[in-house]
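The structure appears below as structure tokens.
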Amino acid sequence: MTMKIIFIINPAAGNGAAIAKWRKFSATIDLPHEAFITQSSGHAFQLVNRLKAQPGQYLVIGFGGDGTMREIASAAAGTSDLFIAAVPAGSGNDFARTFSCFSNAQEIQRYVESPAGLATDIGQVTGAAEQLFASSSGIGFDAAVAQAVNHSRMKRWLNKARLGKLAYFIFVIKTLFTFKKFSLTVEVGDAVHHFEEVWLATVSNQPYFGGGMKISPHASPHDGQLELTIVHRLPRLKLLAVFGTVFSGSHTKFQEVVQFSGKHYTLAVDRPVPRHIDGDDGGMASAKEQLEFRVSAKQWQQAKL
């Protein structure tokens, strides 16, 4: 049976740069394929969900950023006939740092000649609603920065000049002096841990977040585990030093950085705190709710390159 190739393109990814990249890329494709342009948030999920009801095997290639790939992987979870890969065209592209991605049409041709899949974990967070995440989800400072960056005009301008990471750095500095630290209670197995003056708590299914920062160096999407990273009791200026080491993963040497590895966590905060899910705005974590993080029982098939 011939594998069908589906492209899902998010024209808003990379602050609009993705559609121009797609036009250039599509001119090099000499394979039968279908292409769908997403119209809104959630459209990629709907498109993949429809494929699940159709017979045959599909290679689904997301042409966008981390939010697009989260939707695609989430919709593909629980089926063995959809094989997922990316052509990175977003701002952060953390998905493509760990999961399968194509850089040209020739690589796609070679893959479909001998296709294979790799069962891959996906994280699940349950609060007011249930959501799946491919890379990471968390609360605190990093989520506040992500919200500020994603809603700023500056990001669009800098992305056009290929200086997107500068926007993140600028808002790290800005948020550093305005963010209010919080108290956190974490349940891991039978143990309960309390943390004060918390900057962030991030649950990771793979090492990267924030456009290449190696927040969770040992996280793997193939071990049935999630890593929780907590940063607390850091003076504001020392937090900058920690962020400077996250790209190499050496931030874990700081005593104010605590990490856990497990299948399930419950997090509770003492005040409303910003949330993120794969770098996108996840709203606010309420002091009245508990956030439960676990590895979903449903895996998705990564295209094994």
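The values are calculated or read from the model by the stated rules, or taken from the named source; none is laboratory data. Computed from a prediction, not measured in an experiment: that's the story for all the values here. Virtual Cβ from ideal backbone geometry, glycine too; neighbours counted across all protein chains shown. Surface areas here come from the heavy atoms of the whole protein model, side chains and all, with no ligands, DNA or RNA. Shrake-Rupley method; radii C 1.70, N 1.55, O 1.52, S 1.80 Å.
Converting phi to 3J(HN,Hα) with the Karplus coefficients 6.51, -1.76 and 1.60 and the offset θ = phi - 60°, region 6-17 yields 10, 9, 10, 10, 9, x, 8, 4, x, 6, x, 6 Hz in sequence order, with x at every glycine or proline. The heavy atoms of residue 50 present about 130 square angstrom of accessible area, all protein chains included, probe 1.4 Å. Have a look at the DSSP beta bridges in the chain and tell me what percent are antiparallel, nearest 5. Of all bridge pairs located within the chain, approximately 70 percent are antiparallel.
Projecting label points 7 angstrom from Cα along Cα→Cβ for residue 241 and residue 57 puts them 5.3 nm apart.
What's the longest piece of the chain with no exposed chymotrypsin sites (Phe, Trp or Tyr not before Pro), counting a site as exposed if DSSP puts it in a loop and it has at most 15 other beta carbons within 10 Å? Don't skip to the end; give the middle numbers.
Numbers: sites that count: 177, 247, 254.
That gives 1-176 as the longest site-free run.
At a Förster distance of 30 Å, what's the computed FRET efficiency of residue 185 paired with residue 254, Cβ-Cβ distance as r, to 0.05?
Details: r = 22 Å, r/R0 = 0.72.
About 0.90, to the nearest 0.05.
What's the local net charge at residue 202, with K and R +1, D and E -1, over the other residues with C-beta under 13 Å away? Result for the neighbourhood of residue 202: -2. What is the set of long-range amide H partners of residue 36 at a cut-off below 5 Å, with H atoms built 1.01 Å from backbone N? So residue 36 has HN proximity to 7, 8, 9. For residue 263, give me every one of the lysines with a C-alpha distance below 21 angstrom, ignoring sequence neighbours fewer than eight places off in its own chain. Straight-distance partners of residue 263: 214, 298. For the chain, modelled as a GNM whose springs connect Cα atoms under 10 angstrom apart, the maximal fluctuation among 24, 214, 181 occurs at 24. Rg and Dmax over the alpha-carbon atoms of region 69-124 stand at 11.8, 34 Å.
Residues whose amide H falls under 5 Å from that of residue 89, counting only those 5 or more places apart or on a different chain, are 64, 65, with hydrogens built in the peptide plane.
About its Cα centre, how strong a charge dipole does region 53-139 have in debye, to the nearest 20, once Lys and Arg get +1 and Asp and Glu get -1 at the Cβ? It would help to have the intermediate numbers written out before the result.
Numbers: 3 positive and 8 negative charges, 21 e Å.
Here region 53-139 has a charge dipole of around 100 debye.
Evaluated at 37 °C with a viscosity of 0.692 mPa s, what Stokes-Einstein diffusion coefficient in µm²/s does the chain have when Rh comes from the Kirkwood expression over alpha-carbon pairs? Kindly include the intermediate steps, with their values, before the conclusion.
Details: Rh = 19.7 Å.
The estimated diffusion coefficient comes to 167 µm²/s.
Taking 142, 66, 278 in turn, the Gaussian network model of the chain (Cα-Cα springs below 10 Å) assigns the largest fluctuation to 142. Taking the 0 to 90 degree range and rounding to the nearest ten, how far is the long axis of helix 236-246 tilted relative to the main principal axis of the chain, both from C-alpha atoms? Rounded to the nearest ten degrees, it is 30. Largest GNM mean-square fluctuation among 32, 217, 11, using the chain with Cα springs under 10 Å: 32. Among beta bridges identified by DSSP and lying wholly in region 1-159, the antiparallel ones come to about 20 percent.
Roughly how many percent of the accessible protein surface of the chain is carbon and sulfur, given a 1.4 Å probe and a whole-percent answer?
Details: 7130 of 13600 Å².
Ligands and nucleic acids excluded, carbon and sulfur reach 52 percent.
Computed over protein heavy atoms with a 1.4 Å probe, the accessible surface of region 1-150 works out to 40 Å² per residue.
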